[in-house]
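The structure appears below as C-alpha coordinates.
The values are calculated or read from the model by the stated rules, or taken from the named source; none is laboratory data. Not measured: the values here are computed from a predicted model. Positions of Cβ are backbone-derived with ideal geometry, glycine not excepted, and every protein chain shown enters the neighbour counts.
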Protein chains: 2
Amino acid sequence: MTVSGRGPRERMVFSAAQLIRRDGVGSTGMRSVAVHAQAPRGSLQHYFPGGKEQLVDEAVGWAGRYAAGRVARFMAALPEPTPGGLFDRMVRQWTEEYERQGFGGGCPVAAATVDRAASVESTRGAASAAFAEWTGAVARALADMGVPADRCEPLATLMIGSLEGAILIARAERSVRALTTVSRELGPVLDAAAGESVRPRPKGAADE
Amino acid sequence: MTVSGRGPRERMVFSAAQLIRRDGVGSTGMRSVAVHAQAPRGSLQHYFPGGKEQLVDEAVGWAGRYAAGRVARFMAALPEPTPGGLFDRMVRQWTEEYERQGFGGGCPVAAATVDRAASVESTRGAASAAFAEWTGAVARALADMGVPADRCEPLATLMIGSLEGAILIARAERSVRALTTVSRELGPVLDAAAGESVRPRPKGAADE
(Lines give C-alpha, C1' and ligand atoms only; values in the text may rest on other atoms or scores of the structure.)
Protein backbone atom coordinates (compact mmCIF):
# COMPACT_ATOMS: atom_id res chain seq x y z
CA MET A 1 0.00 0.00 0.00
CA THR A 2 1.08 3.55 -0.57
CA VAL A 3 -0.03 6.92 0.71
CA SER A 4 -1.22 8.08 -2.71
CA GLY A 5 -4.83 8.23 -3.82
CA ARG A 6 -6.36 9.31 -0.53
CA GLY A 7 -7.27 12.55 1.14
CA PRO A 8 -4.74 14.16 3.51
CA ARG A 9 -6.60 13.13 6.66
CA GLU A 10 -6.82 9.49 5.60
CA ARG A 11 -3.18 9.57 4.51
CA MET A 12 -2.04 10.81 7.90
CA VAL A 13 -3.94 8.08 9.76
CA PHE A 14 -2.47 5.48 7.43
CA SER A 15 1.04 6.92 7.78
CA ALA A 16 0.74 7.00 11.56
CA ALA A 17 -0.16 3.29 11.54
CA GLN A 18 2.86 2.53 9.34
CA LEU A 19 5.31 4.45 11.53
CA ILE A 20 3.86 3.09 14.78
CA ARG A 21 4.13 -0.49 13.59
CA ARG A 22 7.79 0.13 12.66
CA ASP A 23 9.08 2.20 15.58
CA GLY A 24 6.44 2.05 18.31
CA VAL A 25 4.34 4.96 19.56
CA GLY A 26 7.08 6.68 21.55
CA SER A 27 9.41 7.09 18.57
CA THR A 28 6.70 8.22 16.15
CA GLY A 29 6.59 12.00 15.96
CA MET A 30 3.75 14.07 14.53
CA ARG A 31 6.17 15.77 12.16
CA SER A 32 7.39 12.48 10.72
CA VAL A 33 3.78 11.41 10.18
CA ALA A 34 3.09 14.56 8.15
CA VAL A 35 6.25 13.98 6.10
CA HIS A 36 5.38 10.32 5.47
CA ALA A 37 1.83 11.32 4.47
CA GLN A 38 3.10 14.12 2.20
CA ALA A 39 0.76 16.45 4.06
CA PRO A 40 1.38 20.04 5.10
CA ARG A 41 2.47 20.08 8.73
CA GLY A 42 -0.26 22.53 9.71
CA SER A 43 -2.90 20.04 8.58
CA LEU A 44 -2.12 17.85 11.61
CA GLN A 45 -3.54 20.52 13.91
CA HIS A 46 -6.51 20.97 11.61
CA TYR A 47 -7.51 17.33 11.35
CA PHE A 48 -6.31 16.11 14.75
CA PRO A 49 -7.06 18.80 17.35
CA GLY A 50 -6.58 16.09 19.99
CA GLY A 51 -2.94 15.86 18.97
CA LYS A 52 -0.84 12.72 18.93
CA GLU A 53 -3.24 10.82 21.19
CA GLN A 54 -6.08 11.29 18.72
CA LEU A 55 -3.89 10.36 15.76
CA VAL A 56 -2.61 7.20 17.49
CA ASP A 57 -6.15 6.16 18.45
CA GLU A 58 -7.37 6.65 14.88
CA ALA A 59 -4.41 4.70 13.50
CA VAL A 60 -5.27 1.83 15.84
CA GLY A 61 -8.90 1.99 14.74
CA TRP A 62 -7.83 1.93 11.09
CA ALA A 63 -5.67 -1.15 11.77
CA GLY A 64 -8.57 -2.99 13.40
CA ARG A 65 -10.87 -2.26 10.45
CA TYR A 66 -8.14 -3.24 8.00
CA ALA A 67 -7.47 -6.58 9.73
CA ALA A 68 -11.19 -7.35 9.98
CA GLY A 69 -11.71 -6.45 6.32
CA ARG A 70 -8.90 -8.77 5.25
CA VAL A 71 -10.75 -11.73 6.77
CA ALA A 72 -13.64 -11.37 4.31
CA ARG A 73 -11.18 -11.02 1.41
CA PHE A 74 -9.26 -14.13 2.48
CA MET A 75 -12.51 -16.07 2.72
CA ALA A 76 -13.63 -14.93 -0.73
CA ALA A 77 -10.28 -15.99 -2.22
CA LEU A 78 -10.29 -19.50 -0.74
CA PRO A 79 -11.79 -21.98 -3.26
CA GLU A 80 -12.88 -24.25 -0.42
CA PRO A 81 -12.75 -22.30 2.85
CA THR A 82 -11.53 -24.14 5.95
CA PRO A 83 -10.50 -22.71 9.33
CA GLY A 84 -6.92 -23.88 8.78
CA GLY A 85 -6.94 -22.37 5.30
CA LEU A 86 -8.11 -19.01 6.67
CA PHE A 87 -5.41 -19.05 9.36
CA ASP A 88 -2.82 -19.96 6.72
CA ARG A 89 -3.84 -16.87 4.71
CA MET A 90 -3.77 -14.62 7.80
CA VAL A 91 -0.27 -15.83 8.63
CA ARG A 92 0.93 -15.70 5.03
CA GLN A 93 0.05 -12.03 4.76
CA TRP A 94 2.91 -11.56 7.27
CA THR A 95 5.38 -14.10 5.90
CA GLU A 96 4.96 -12.57 2.44
CA GLU A 97 5.51 -9.06 3.77
CA TYR A 98 8.61 -10.16 5.66
CA GLU A 99 10.05 -12.09 2.75
CA ARG A 100 9.47 -9.21 0.34
CA GLN A 101 10.13 -6.14 2.48
CA GLY A 102 12.13 -7.37 5.47
CA PHE A 103 11.16 -7.44 9.12
CA GLY A 104 10.77 -3.70 9.63
CA GLY A 105 7.16 -3.65 10.79
CA GLY A 106 4.86 -5.40 13.23
CA CYS A 107 1.23 -4.89 14.21
CA PRO A 108 0.29 -1.29 15.11
CA VAL A 109 -2.33 -2.49 17.61
CA ALA A 110 0.33 -4.51 19.43
CA ALA A 111 2.65 -1.50 19.45
CA ALA A 112 -0.04 0.81 20.81
CA THR A 113 -0.87 -1.73 23.52
CA VAL A 114 2.76 -2.17 24.61
CA ASP A 115 3.46 1.56 24.65
CA ARG A 116 0.19 3.07 25.88
CA ALA A 117 -2.10 0.50 27.56
CA ALA A 118 -0.80 1.49 31.00
CA SER A 119 -0.77 5.24 30.47
CA VAL A 120 -3.36 6.43 27.90
CA GLU A 121 -6.86 5.15 28.52
CA SER A 122 -8.25 6.20 25.14
CA THR A 123 -5.50 4.30 23.30
CA ARG A 124 -6.02 1.22 25.45
CA GLY A 125 -9.72 1.40 24.56
CA ALA A 126 -8.93 1.81 20.87
CA ALA A 127 -6.67 -1.25 20.98
CA SER A 128 -9.34 -3.26 22.77
CA ALA A 129 -11.92 -2.25 20.15
CA ALA A 130 -9.51 -3.13 17.32
CA PHE A 131 -8.87 -6.61 18.75
CA ALA A 132 -12.63 -7.06 19.23
CA GLU A 133 -13.42 -6.04 15.63
CA TRP A 134 -10.77 -8.40 14.24
CA THR A 135 -11.80 -11.25 16.55
CA GLY A 136 -15.45 -10.76 15.60
CA ALA A 137 -14.67 -11.00 11.89
CA VAL A 138 -12.64 -14.19 12.39
CA ALA A 139 -15.29 -15.72 14.66
CA ARG A 140 -18.03 -15.04 12.09
CA ALA A 141 -15.92 -16.65 9.37
CA LEU A 142 -15.41 -19.73 11.58
CA ALA A 143 -19.17 -19.94 12.15
CA ASP A 144 -19.75 -19.78 8.39
CA MET A 145 -17.38 -22.76 8.03
CA GLY A 146 -19.36 -24.90 10.46
CA VAL A 147 -17.45 -24.33 13.70
CA PRO A 148 -19.91 -24.69 16.61
CA ALA A 149 -21.09 -21.33 17.96
CA ASP A 150 -19.49 -21.68 21.39
CA ARG A 151 -16.09 -22.46 19.85
CA CYS A 152 -15.88 -19.55 17.40
CA GLU A 153 -14.74 -16.76 19.70
CA PRO A 154 -12.23 -18.88 21.66
CA LEU A 155 -10.65 -20.18 18.46
CA ALA A 156 -10.59 -16.71 16.92
CA THR A 157 -8.77 -15.48 20.03
CA LEU A 158 -6.30 -18.36 19.78
CA MET A 159 -5.66 -17.55 16.10
CA ILE A 160 -5.14 -13.83 16.67
CA GLY A 161 -3.15 -14.38 19.87
CA SER A 162 -0.76 -16.88 18.33
CA LEU A 163 -0.40 -14.73 15.19
CA GLU A 164 0.42 -11.63 17.27
CA GLY A 165 2.97 -13.53 19.34
CA ALA A 166 4.54 -15.12 16.27
CA ILE A 167 4.90 -11.66 14.68
CA LEU A 168 6.88 -10.53 17.74
CA ILE A 169 9.16 -13.58 17.62
CA ALA A 170 9.59 -13.26 13.85
CA ARG A 171 10.69 -9.63 14.13
CA ALA A 172 13.15 -10.47 16.92
CA GLU A 173 14.56 -13.44 15.03
CA ARG A 174 14.33 -11.89 11.56
CA SER A 175 12.88 -15.20 10.45
CA VAL A 176 9.41 -16.37 9.47
CA ARG A 177 9.98 -19.58 11.45
CA ALA A 178 7.57 -18.76 14.29
CA LEU A 179 4.86 -17.72 11.82
CA THR A 180 5.04 -20.87 9.70
CA THR A 181 5.20 -22.91 12.92
CA VAL A 182 1.97 -21.58 14.44
CA SER A 183 0.17 -21.98 11.11
CA ARG A 184 1.34 -25.57 10.69
CA GLU A 185 0.59 -26.51 14.32
CA LEU A 186 -2.83 -24.88 14.59
CA GLY A 187 -4.19 -25.66 11.12
CA PRO A 188 -5.27 -29.24 11.94
CA VAL A 189 -6.63 -28.16 15.34
CA LEU A 190 -8.81 -25.51 13.71
CA ASP A 191 -9.99 -27.85 10.97
CA ALA A 192 -10.91 -30.46 13.56
CA ALA A 193 -13.23 -27.94 15.22
CA ALA A 194 -15.17 -27.70 11.94
CA GLY A 195 -15.27 -31.47 11.56
CA GLU A 196 -12.47 -31.37 9.00
CA SER A 197 -10.01 -33.44 11.02
CA VAL A 198 -10.23 -36.57 8.87
CA ARG A 199 -10.29 -34.95 5.45
CA PRO A 200 -7.01 -33.34 4.41
CA ARG A 201 -7.20 -29.67 3.54
CA PRO A 202 -7.83 -29.21 -0.21
CA LYS A 203 -4.66 -28.31 -2.05
CA GLY A 204 -6.28 -25.23 -3.55
CA ALA A 205 -6.77 -23.71 -0.10
CA ALA A 206 -3.03 -23.49 0.42
CA ASP A 207 -2.30 -22.15 -3.06
CA GLU A 208 -5.19 -19.66 -3.23
CA MET B 1 9.32 -9.10 43.29
CA THR B 2 10.90 -6.01 44.72
CA VAL B 3 14.10 -4.11 44.12
CA SER B 4 15.46 -4.81 47.59
CA GLY B 5 18.11 -7.38 48.43
CA ARG B 6 20.25 -6.93 45.34
CA GLY B 7 23.26 -4.90 44.34
CA PRO B 8 22.71 -1.55 42.60
CA ARG B 9 23.64 -2.85 39.16
CA GLU B 10 21.26 -5.80 39.40
CA ARG B 11 18.54 -3.53 40.79
CA MET B 12 18.84 -1.17 37.84
CA VAL B 13 18.54 -3.99 35.30
CA PHE B 14 15.51 -5.33 37.14
CA SER B 15 13.95 -1.86 37.39
CA ALA B 16 14.53 -1.21 33.70
CA ALA B 17 12.69 -4.44 32.86
CA GLN B 18 9.79 -3.41 35.10
CA LEU B 19 9.46 0.07 33.58
CA ILE B 20 9.88 -1.19 30.00
CA ARG B 21 7.17 -3.78 30.43
CA ARG B 22 4.82 -1.08 31.76
CA ASP B 23 5.52 1.88 29.48
CA GLY B 24 7.59 0.58 26.56
CA VAL B 25 11.20 1.48 25.79
CA GLY B 26 10.49 4.95 24.44
CA SER B 27 8.83 6.20 27.62
CA THR B 28 11.36 4.64 30.00
CA GLY B 29 13.98 7.20 30.98
CA MET B 30 17.34 6.43 32.55
CA ARG B 31 16.54 8.77 35.43
CA SER B 32 13.29 6.97 36.25
CA VAL B 33 15.16 3.66 36.24
CA ALA B 34 17.62 5.01 38.82
CA VAL B 35 14.75 6.29 40.96
CA HIS B 36 12.87 2.98 40.72
CA ALA B 37 16.06 1.08 41.62
CA GLN B 38 16.82 3.44 44.51
CA ALA B 39 20.26 3.91 43.01
CA PRO B 40 22.31 7.11 42.80
CA ARG B 41 21.86 8.59 39.35
CA GLY B 42 25.60 8.69 38.71
CA SER B 43 25.76 4.92 39.07
CA LEU B 44 23.96 4.53 35.72
CA GLN B 45 27.00 5.96 33.92
CA HIS B 46 29.27 3.78 36.01
CA TYR B 47 27.53 0.48 35.42
CA PHE B 48 26.14 1.15 31.95
CA PRO B 49 28.70 3.10 29.93
CA GLY B 50 26.75 2.06 26.81
CA GLY B 51 23.83 4.15 28.07
CA LYS B 52 20.17 3.34 27.63
CA GLU B 53 20.83 0.86 24.83
CA GLN B 54 23.03 -1.27 27.09
CA LEU B 55 20.56 -1.06 29.95
CA VAL B 56 17.64 -2.07 27.71
CA ASP B 57 19.61 -4.97 26.25
CA GLU B 58 20.54 -6.22 29.72
CA ALA B 59 16.93 -5.90 30.90
CA VAL B 60 15.82 -8.01 27.94
CA GLY B 61 18.51 -10.58 28.73
CA TRP B 62 17.38 -10.67 32.35
CA ALA B 63 13.78 -11.25 31.24
CA GLY B 64 14.81 -14.16 29.02
CA ARG B 65 16.74 -15.82 31.85
CA TYR B 66 13.87 -15.19 34.25
CA ALA B 67 11.27 -16.73 31.92
CA ALA B 68 13.51 -19.73 31.20
CA GLY B 69 14.19 -20.22 34.90
CA ARG B 70 10.50 -20.20 35.71
CA VAL B 71 9.96 -23.21 33.44
CA ALA B 72 12.14 -25.42 35.67
CA ARG B 73 10.34 -24.12 38.76
CA PHE B 74 6.92 -24.81 37.26
CA MET B 75 8.01 -28.33 36.32
CA ALA B 76 9.35 -29.00 39.82
CA ALA B 77 6.07 -27.83 41.36
CA LEU B 78 3.80 -29.99 39.18
CA PRO B 79 3.02 -33.28 40.97
CA GLU B 80 2.52 -35.01 37.64
CA PRO B 81 3.98 -32.85 34.88
CA THR B 82 2.10 -32.68 31.57
CA PRO B 83 2.59 -30.26 28.66
CA GLY B 84 -0.87 -28.79 29.25
CA GLY B 85 -0.12 -28.48 32.96
CA LEU B 86 3.11 -26.60 32.23
CA PHE B 87 1.32 -24.23 29.84
CA ASP B 88 -1.41 -23.70 32.42
CA ARG B 89 1.25 -22.63 34.94
CA MET B 90 2.96 -20.33 32.42
CA VAL B 91 -0.35 -18.65 31.65
CA ARG B 92 -1.43 -18.52 35.29
CA GLN B 93 1.66 -16.55 36.23
CA TRP B 94 0.10 -13.78 34.15
CA THR B 95 -3.55 -14.20 35.15
CA GLU B 96 -2.50 -14.12 38.80
CA GLU B 97 -0.43 -10.98 38.31
CA TYR B 98 -3.29 -9.27 36.48
CA GLU B 99 -5.90 -10.29 39.04
CA ARG B 100 -3.72 -9.15 41.95
CA GLN B 101 -1.97 -6.06 40.56
CA GLY B 102 -4.00 -4.96 37.56
CA PHE B 103 -3.03 -4.90 33.91
CA GLY B 104 -0.19 -2.42 34.17
CA GLY B 105 2.60 -4.56 32.74
CA GLY B 106 3.31 -6.85 29.80
CA CYS B 107 6.39 -8.72 28.65
CA PRO B 108 9.58 -6.61 28.47
CA VAL B 109 10.90 -8.71 25.55
CA ALA B 110 7.74 -7.96 23.57
CA ALA B 111 8.07 -4.25 24.39
CA ALA B 112 11.72 -4.15 23.34
CA THR B 113 10.84 -5.92 20.08
CA VAL B 114 7.98 -3.55 19.24
CA ASP B 115 9.98 -0.43 20.04
CA ARG B 116 13.49 -1.31 18.90
CA ALA B 117 13.58 -4.32 16.52
CA ALA B 118 13.59 -2.02 13.48
CA SER B 119 16.06 0.53 14.81
CA VAL B 120 18.53 -0.90 17.34
CA GLU B 121 20.29 -4.03 16.17
CA SER B 122 21.74 -4.96 19.57
CA THR B 123 18.29 -4.84 21.18
CA ARG B 124 16.77 -6.92 18.41
CA GLY B 125 19.53 -9.47 18.99
CA ALA B 126 18.92 -9.42 22.74
CA ALA B 127 15.20 -10.04 22.17
CA SER B 128 15.96 -12.89 19.78
CA ALA B 129 18.32 -14.45 22.34
CA ALA B 130 15.72 -14.06 25.09
CA PHE B 131 13.03 -15.77 23.03
CA ALA B 132 15.51 -18.53 22.15
CA GLU B 133 16.49 -19.12 25.79
CA TRP B 134 12.85 -19.28 26.87
CA THR B 135 11.86 -21.51 23.93
CA GLY B 136 14.80 -23.82 24.65
CA ALA B 137 13.75 -24.25 28.27
CA VAL B 138 10.15 -25.03 27.29
CA ALA B 139 11.26 -27.42 24.53
CA ARG B 140 13.52 -29.33 26.95
CA ALA B 141 10.65 -29.62 29.42
CA LEU B 142 8.39 -30.98 26.68
CA ALA B 143 11.05 -33.55 25.75
CA ASP B 144 11.28 -34.62 29.41
CA MET B 145 7.51 -35.22 29.33
CA GLY B 146 7.71 -37.53 26.35
CA VAL B 147 6.97 -35.17 23.48
CA PRO B 148 8.77 -36.48 20.36
CA ALA B 149 12.01 -34.59 19.66
CA ASP B 150 10.88 -33.04 16.38
CA ARG B 151 7.72 -31.63 18.00
CA CYS B 152 9.33 -29.96 21.02
CA GLU B 153 10.57 -26.72 19.46
CA PRO B 154 7.46 -26.11 17.30
CA LEU B 155 5.14 -26.65 20.27
CA ALA B 156 7.33 -24.48 22.53
CA THR B 157 7.08 -21.72 19.90
CA LEU B 158 3.31 -22.15 19.75
CA MET B 159 3.08 -21.93 23.56
CA ILE B 160 5.24 -18.81 23.82
CA GLY B 161 3.68 -17.18 20.76
CA SER B 162 0.12 -17.67 21.95
CA LEU B 163 1.04 -16.57 25.48
CA GLU B 164 2.70 -13.38 24.18
CA GLY B 165 -0.28 -12.56 21.98
CA ALA B 166 -2.76 -13.28 24.76
CA ILE B 167 -0.82 -10.93 27.07
CA LEU B 168 -1.27 -8.14 24.50
CA ILE B 169 -5.00 -8.80 24.16
CA ALA B 170 -5.42 -9.08 27.95
CA ARG B 171 -3.75 -5.71 28.53
CA ALA B 172 -5.89 -4.05 25.84
CA GLU B 173 -9.10 -5.61 27.16
CA ARG B 174 -8.16 -5.40 30.85
CA SER B 175 -9.42 -8.95 31.11
CA VAL B 176 -7.73 -12.33 31.52
CA ARG B 177 -10.16 -13.81 28.97
CA ALA B 178 -7.61 -14.24 26.17
CA LEU B 179 -5.12 -15.86 28.57
CA THR B 180 -7.55 -18.41 29.97
CA THR B 181 -8.77 -19.07 26.43
CA VAL B 182 -5.38 -19.98 24.96
CA SER B 183 -4.61 -22.19 27.96
CA ARG B 184 -7.92 -24.02 27.70
CA GLU B 185 -7.69 -24.43 23.92
CA LEU B 186 -4.06 -25.53 23.71
CA GLY B 187 -3.87 -27.73 26.84
CA PRO B 188 -5.42 -30.82 25.17
CA VAL B 189 -3.42 -30.23 21.98
CA LEU B 190 -0.16 -30.17 23.95
CA ASP B 191 -1.10 -33.20 26.04
CA ALA B 192 -1.98 -35.14 22.88
CA ALA B 193 1.57 -34.57 21.62
CA ALA B 194 2.88 -36.38 24.70
CA GLY B 195 0.36 -39.18 24.30
CA GLU B 196 -1.80 -37.73 27.04
CA SER B 197 -4.85 -37.12 24.89
CA VAL B 198 -7.00 -39.87 26.39
CA ARG B 199 -6.06 -39.47 30.03
CA PRO B 200 -7.48 -36.36 31.69
CA ARG B 201 -4.93 -34.02 33.22
CA PRO B 202 -4.40 -34.85 36.92
CA LYS B 203 -6.35 -32.52 39.17
CA GLY B 204 -3.24 -31.56 41.10
CA ALA B 205 -1.66 -30.05 38.01
CA ALA B 206 -4.39 -27.43 37.81
CA ASP B 207 -4.64 -26.71 41.56
CA GLU B 208 -1.04 -26.68 42.67
- Task: For residues that are within 18 Å of residue B:183 (Cα to Cα), more than 12 Å from chain A (Cβ to nearest Cβ) and not hydroxyl-bearing (Ser, Thr, Tyr), tally how many sit in segment B:95-110.
- Result: 3
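For segment A:1-50, give me each residue that is polar (S, T, N, Q) and outside any loop (DSSP other than H, G, I, E, B).
Taking segment A:1-50 and keeping what is polar (S, T, N, Q), we get A:2, A:4, A:15, A:18, A:27-28, A:32, A:38, A:43, A:45.
Result: A:15, A:18, A:32, A:43, A:45.
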- Apart from one, (1) within 18 Å of the chain's Cα centre (by Cα); (2) closer than 24 Å to residue B:103 by Cβ; (3) crowded, with 19+ Cβ neighbours inside 10 Å all hold for residue B:26; the odd one out is (1)
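For segment A:2-16, indicate whether the set of residues that are hydroxyl-bearing (Ser, Thr, Tyr), within 18 Å of residue A:108 (Cβ to Cβ) and out of contact with any helix residue (DSSP H, G or I) (no Cβ under 8 Å at 6 or more places or on another chain) is non-empty. Reasoning before the result, please.
Applying the first criterion (hydroxyl-bearing (Ser, Thr, Tyr)) to segment A:2-16 yields A:2, A:4, A:15.
From what is left, the residues that are within 18 Å of residue A:108 (Cβ to Cβ) are A:2, A:15.
Filter again for out of contact with any helix residue (DSSP H, G or I) (no Cβ under 8 Å at 6 or more places or on another chain), leaving A:2.
Within segment A:2-16 (the criterion being hydroxyl-bearing (Ser, Thr, Tyr), within 18 Å of residue A:108 (Cβ to Cβ) and out of contact with any helix residue (DSSP H, G or I) (no Cβ under 8 Å at 6 or more places or on another chain)), the answer is yes, since at least one residue qualifies.
Filter segment A:67-78 for residues that are within 16 Å of residue A:164 (Cβ to Cβ) and in contact (Cβ under 8 Å) with a residue 24 or more places away in the chain and give the result. Lay out the reasoning, then the answer.
In the first step, residues of segment A:67-78 are kept if they are within 16 Å of residue A:164 (Cβ to Cβ); the result is A:67-68, A:70-71.
If the condition is that a residue be within 16 Å of residue A:164 (Cβ to Cβ) and in contact (Cβ under 8 Å) with a residue 24 or more places away in the chain, then A:67, A:68, A:71 are the ones that fit.
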- Message: Give all pairs with beta carbons closer than 6 Å in which a residue from segment A:163-175 that is more than 7 Å from chain B (Cβ to nearest Cβ) and at pLDDT 95 or above meets a residue that is outside any helix (DSSP H, G or I) and surrounded by fewer than 24 Cβ atoms within 10 Å (Cβ to Cβ); count only pairs at least 6 apart in sequence or on separate chains.
- Response: A:170/A:176; A:174/A:103
- Odd one out for residue B:64 among (1) farther than 21 Å from residue B:119 by Cβ; (2) at pLDDT 95 or above: (1)
- Among (1) out of contact with any Lys or Arg (no Cβ under 7 Å at 6 or more places or on another chain); (2) surrounded by 20 or more Cβ atoms within 10 Å (Cβ to Cβ); (3) farther than 13 Å from residue A:9 by Cα, where does residue A:58 come up short? (3)
- Message: Could you tell me how many of the residues in segment A:169-182 are assigned to a helix (DSSP H, G or I) and in contact with a Phe, Trp or Tyr (Cβ under 6 Å, 6 or more places away or on another chain)?
- Response: 4
- Message: Looking only at segment A:176-198, filter to residues that are touching a residue at least 60 places away in the same chain (Cβ under 8 Å) and under 18 Å from residue B:113 (Cα atoms); which one of those is nearest to the other protein chains (Cβ to nearest Cβ)?
- Response: A:179
- Only one of these conditions is not met by residue A:81: (1) of a type outside the set (A, V, I, L, M, F, W, C); (2) closer than 21 Å to residue A:118 by Cβ; (3) buried (at least 17 other Cβ atoms within 10 Å of the Cβ); (4) touching a residue at least 40 places away in the same chain (Cβ under 8 Å). Which number is it? (2)
- Does segment A:116-131 include one or more residues that are surrounded by fewer than 23 Cβ atoms within 10 Å (Cβ to Cβ), within 8 Å of chain B (Cβ to nearest Cβ), of a type in the set (A, V, I, L, M) and under 19 Å from residue B:114 (Cβ atoms)? yes
- Task: Hey, can you tell me all the residues within segment B:88-140 that are touching a Phe, Trp or Tyr at 6+ places or on another chain (Cβ under 8 Å) and under 17 Å from residue B:157 (Cα atoms)?
- Result: B:89, B:90, B:109
- Task: Restrict the check to segment A:36-46 and report whether at least one residue is under 22 Å from the mean Cα position of the chain (by Cα), of a type in the set (Gly, Ala, Ser), surrounded by 18 or more Cβ atoms within 10 Å (Cβ to Cβ) and on the phi > 0 side of the Ramachandran plot.
- Result: no
- Under the condition of being more than 14 Å from every other protein chain (Cβ to nearest Cβ) and touching a residue at least 24 places away in the same chain (Cβ under 8 Å), which residue from segment A:16-35 is farthest from residue A:63 (Cα to Cα)? A:30
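Might you let me know whether segment A:153-161 holds any residue that is more than 9 Å from every other protein chain (Cβ to nearest Cβ), in contact with a helix residue (DSSP H, G or I) (Cβ under 6 Å, 6 or more places away or on another chain) and farther than 30 Å from residue B:130 by Cβ?
As a first pass, look at segment A:153-161 and keep what is more than 9 Å from every other protein chain (Cβ to nearest Cβ): A:156, A:159.
Then drop every residue that is not in contact with a helix residue (DSSP H, G or I) (Cβ under 6 Å, 6 or more places away or on another chain), which leaves A:156, A:159.
Of the ones still in play, those that are also farther than 30 Å from residue B:130 by Cβ are none.
Within segment A:153-161, none of the residues are more than 9 Å from every other protein chain (Cβ to nearest Cβ), in contact with a helix residue (DSSP H, G or I) (Cβ under 6 Å, 6 or more places away or on another chain) and farther than 30 Å from residue B:130 by Cβ.
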